[in-house]
Amino acid sequence: MKFVGTTEEFLHLEIIEKHNCKILKEKQESSLSILWFEGDENELVIDGEARSFHKNEILFLTEFHQTQVKRVGRIRMIRFNRPFYCVLKHDAEVSCKGVLFFGASRLPIIQIPPKELEKFETLWKMFTIEMQSHDSLQIDMLQMMLKRYLILCTRIFKQQRAFPEEEEQVDLIREFNFLVEQHFKTKHSVAEYAAMLHKSPKTISNLFSKMGSKTPLQYIQERKLLEARRLLRYSDLPIKEIGYEIGYNDIQSFSRFFKKQTGQSPSEYKEAG
């Protein structure tokens with residue numbers, strides 16, 4: 001089922017099984033995808049890393065994730081583009097920027113709690129009913145339900161990832177993640193991001209430490225590494241140009257960084273793919 005508006009906005013709902021799993025690999029500009037796994041028999045390769053997904057897990061992907069299918073049971077997919085609902089423009093409403101989407105190197109996954117499952121089932125049913133309405137209120141209703149879906153997912157993600165309770169601290173983490181996503185190719189130090197957030201590097205580091213999470217520097221390095229892996233695996237660019245693309249002026253510096261993070265040289269990683 002797919003809603004397509006007059007200005008190229010779309011919302012696509014699909015039950016994905018083995019016969020139509022090619023949908024997962026489709027690239028659509030400025031689109032975001034939400035995958036709800038209905039069973040345990042699902043395995044995808046995302047940005048070169050094989051991952052297994054279990055019943056009632058939900059995965060959030062952007063157009064930039066490289067996805068390959070190894071095994072599919074049954075997946076409920078919601079895919080929409082920016083003209084239909086821009087999560088950046090509506091961040092004050094759903095607060096998913098830097099959490100579900102555009103959150104640096106993390107792969108965002110939630111597990112639907114049993115007590116919340118009925119809400120997700122109801123929303124899916126309402127989505128499918130509204131897809132067939134075809135009246136003047138259809139797009140408003142679909143946007144409203146998508147907004148509700150994203151709010152539910154964001155709340156669960158924050159609970160399951162031990163985000164701090166204070167809203168100011170949550171916003172600071174989200175903004176840090178989003179800034180890394182925007183600037184990782186040119187800004188490589190915690191101090192640079194702290195300055196953009198009008199905070200000290202120590203404040204940022206202490207906040208991440210309270211979460212028991214990776215350090216802010218690790219987030220920056222992992223985002224650079226993710227981009228390097230994507231380009232090595234899925235592009236024909238020379239290794240030197242890939243290094244330059246993520247901020248290294250010479251191939252030796254890039255190779256040292258990559259090998260320290262992965263245990264392989266860039267050329268070894270590229271050949272292995």
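The values are calculated or read from the model by the stated rules, or taken from the named source; none is laboratory data. Keep in mind that this is a model prediction, so the values were computed, not measured. When we count neighbours, we look across all protein chains shown, and the Cβ atoms used for this are built from the backbone with ideal geometry, even at glycine.
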Checked pairs for segment 93-122, first within 17 Å of residue 33 (Cβ to Cβ), second modelled with pLDDT under 85 and surrounded by fewer than 16 Cβ atoms within 10 Å (Cβ to Cβ), C-beta under 6 Å and 6 or more apart or across chains, list as 97/88
Residues of segment 179-227 being touching a residue at least 40 places away in the same chain (Cβ under 8 Å), among the aliphatic types (A, V, I, L, M) and within 21 Å of residue 247 (Cα to Cα), in sequence order, are 180, 220, 225, 226
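Does residue 137 qualify as being surrounded by fewer than 16 Cβ atoms within 10 Å (Cβ to Cβ), of a type in the set (A, V, I, L, M) and in the same structural domain as residue 108 (by TED's automatic domain parsing)?
Values: surrounded by fewer than 16 Cβ atoms within 10 Å (Cβ to Cβ): yes; of a type in the set (A, V, I, L, M): yes; in the same structural domain as residue 108 (by TED's automatic domain parsing): yes.
Here the answer is yes, as residue 137 does meet what is asked.
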The number of residues in segment 18-58 that are among the hydroxyl-bearing types (Ser, Thr, Tyr), touching a residue at least 24 places away in the same chain (Cβ under 8 Å) and loosely packed, with under 15 Cβ neighbours inside 10 Å is 1
Just one listed residue, out of 152, 142, is outside any loop (DSSP other than H, G, I, E, B), in the same structural domain as residue 6 (by TED's automatic domain parsing), closer than 23 Å to residue 37 by Cα and touching a residue at least 40 places away in the same chain (Cβ under 8 Å), and it is 142
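So how many residues does segment 33-66 have that are of a type outside the set (Gly, Ala, Ser), in contact with a Lys or Arg (Cβ under 7 Å, 6 or more places away or on another chain) and closer than 18 Å to residue 123 by Cα?
3
Residue-by-condition table, conditions (1) in contact with a His (Cβ under 7 Å, 6 or more places away or on another chain); (2) in a loop (DSSP other than H, G, I, E, B); (3) among the polar types (S, T, N, Q); (4) buried (at least 20 other Cβ atoms within 10 Å of the Cβ):
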{"position": "76", "(1), (2), (3), (4)": "no, no, no, no"}
{"position": "92", "(1), (2), (3), (4)": "no, no, no, no"}
{"position": "107", "(1), (2), (3), (4)": "no, yes, no, no"}
{"position": "118", "(1), (2), (3), (4)": "no, no, no, no"}
{"position": "122", "(1), (2), (3), (4)": "no, no, yes, no"}
TODO: Output yes when any residue across segment 237-251 is out of contact with any Lys or Arg (no Cβ under 8 Å at 6 or more places or on another chain), in contact (Cβ under 8 Å) with a residue 24 or more places away in the chain and closer than 29 Å to residue 163 by Cα, and no when none is.
DONE: no
Over segment 228-254, the set of residues buried (at least 19 other Cβ atoms within 10 Å of the Cβ) and not β-branched (Val, Ile, Thr) is 228, 229, 231, 232, 243, 248, 254
How many residues of segment 1-59 are in a strand (DSSP E or B) and either aromatic (Phe, Trp, Tyr) or over 15 Å from the mean Cα position of the chain (by Cα) (or both)? The answer is 17
Per the filter on segment 3-44, residues modelled with pLDDT of 90 or more and farther than 29 Å from residue 132 by Cβ are 43, 44
Taking segment 71-86 and keeping only residues that are closer than 28 Å to residue 55 by Cβ and among the hydrophobic types (A, V, I, L, M, F, W, C), one is left with 72, 75, 77, 78, 80
Filtering segment 94-105 for residues that are assigned to a loop (DSSP other than H, G, I, E, B) and under 23 Å from residue 51 (Cβ atoms) leaves a count of 8
Just one listed residue, out of 101, 84, is within 13 Å of the chain's Cα centre (by Cα) and crowded, with 18+ Cβ neighbours inside 10 Å, and it is 101
**Report entry** Condition met for residue 89 (in the same structural domain as residue 123 (by TED's automatic domain parsing) and farther than 23 Å from residue 219 by Cβ)
**Finding:** yes
